[in-house]
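Here is the structure we will look at.
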Amino acid sequence: MGLSKNSLYTILVSALFWLLYYFAIFGAIGSLFLIDLKKGTFYNNHLKDPINSLTIGTWVAATSVVILNMHYYFPQLIMPSIVFYCIGFIIWMVYLVIIVRNYSFYIRNPEYIAKLHGGILLSCVATQSLVIAGVTIFNVKFPIELGLGMLCIGFMFYIIGFGLIVLSFTKDTINHTIQNWKNTNCIIHGALSITGLALCISMESLGVWLIYIWLVVSIIFCIVECIELIRSIIRVKLLGVNNGLFVYHPTQWARNFTFGMYVNFTIHLPDCSLFENARYLVVDIGKYIVVILFVIEIGIFMNNVLSMKKEIKNEEQNENLRGI
């Protein structure tokens, strides 16, 4: 049964709207980068710092998310998806140079390793996100060799990055490590989850081995989140509930990604009778946890925006009073 003219019109209008929406977002971000280029501050703001420059991985991952959403909601938009994939792949190729430069810097200058955190693993996240997006839009036409090569590169980035993070903890006591634990360290398990998801989508033939990989990821997930829980308890004791838990920082969004990726990895695992109870706990309960964390983070973000506006207003009032 074919689509009616009204239904087809609705689909086309919706597709056009979201296509324009995505291009508008990319255009807005691109214009900000162009402003930095014009001012001559692009290198200092985005590329100079050996850890902050690794956040370029979020540009690649965000592009992959756009591709997956377009493919899911508007599978007819094949060409725009391919265009976005090419954009993401080009960014990733440039990103590879930055990754090699930054990893080399830390290996050659071990005194700076203490400043490292989970953000270094965005190199793995970006790479695996392109594997997932590539297999999703190209399906069997996506070269197996390319997919396998990118999977290996992403995992190599994880091993090196994780090793450097472990080295950053070796000179600290356990208490000091927990107190100085960074929000982005949750990417330690998030990067493994997206690697597992990429394997599920591109190499289903691994079968039961995917379950074993999930078990390893689950153990690491529990260890990392237990450390985060202990850190939260310490912060509440020292700073109180509001200042200990509900002070906004952009890196807090990483937890939404990592929890969501763990749930997504679990959803895509092959069927296994011994595993179904665990799958139920993670998927059916975990999806609500992801939503709750997202809502809480929006609340913290909005409270931060309102607080900043209030501070600006108070400063303006004080300036006006001083001028009288």
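Couple of notes before you dig in:
- Relative to the current alpha-carbon distance between residue 100 and residue 253, full extension at 0.36 nm per residue lengthens the span by 52.5 nm.
- Spin-label pair residue 65-residue 112: with each label point 7 Å from Cα along the Cα-Cβ axis, the two points sit 2.8 nm from one another.
- Ranked by how many other Cβ atoms sit within 10 Å of their own Cβ, fewest first, the residues 111, 276 fall in the order 111, 276.
- Taking 0.36 nm per residue of sequence separation and removing the Cα-Cα distance, the residue 93/residue 146 pair yields an extension gain of 17.7 nm.
- If R0 equals 30 Å, the separation of the Cβ atoms of residue 73 and residue 281 corresponds to a calculated FRET efficiency of about 0.55.
- Between the C-alpha center of region 260-294 and that of region 160-210 there is a gap of 18 Å.
- A Förster radius of 45 Å, combined with the Cβ-Cβ distance separating residue 52 from residue 274, puts the computed FRET efficiency at roughly 0.55.
- Each Cα pair under 8 Å and six or more residues apart adds its separation to the average, and for region 212-324 the resulting relative contact order is 24 percent.
- In sequence order, calculated HN-Hα J values of region 227-237 (Karplus, 6.51, -1.76, 1.60; Hz; x Gly/Pro): 4, 5, 5, 4, 4, 5, 4, 4, 5, 5, 5
Since every read-out is calculated from the coordinates, none of them should be taken as a lab result. Predicted model, so just to flag it, every value in this text is computed and none were measured. Cβ sites come from the backbone with ideal geometry, for glycine too, and all protein chains shown count toward neighbours.
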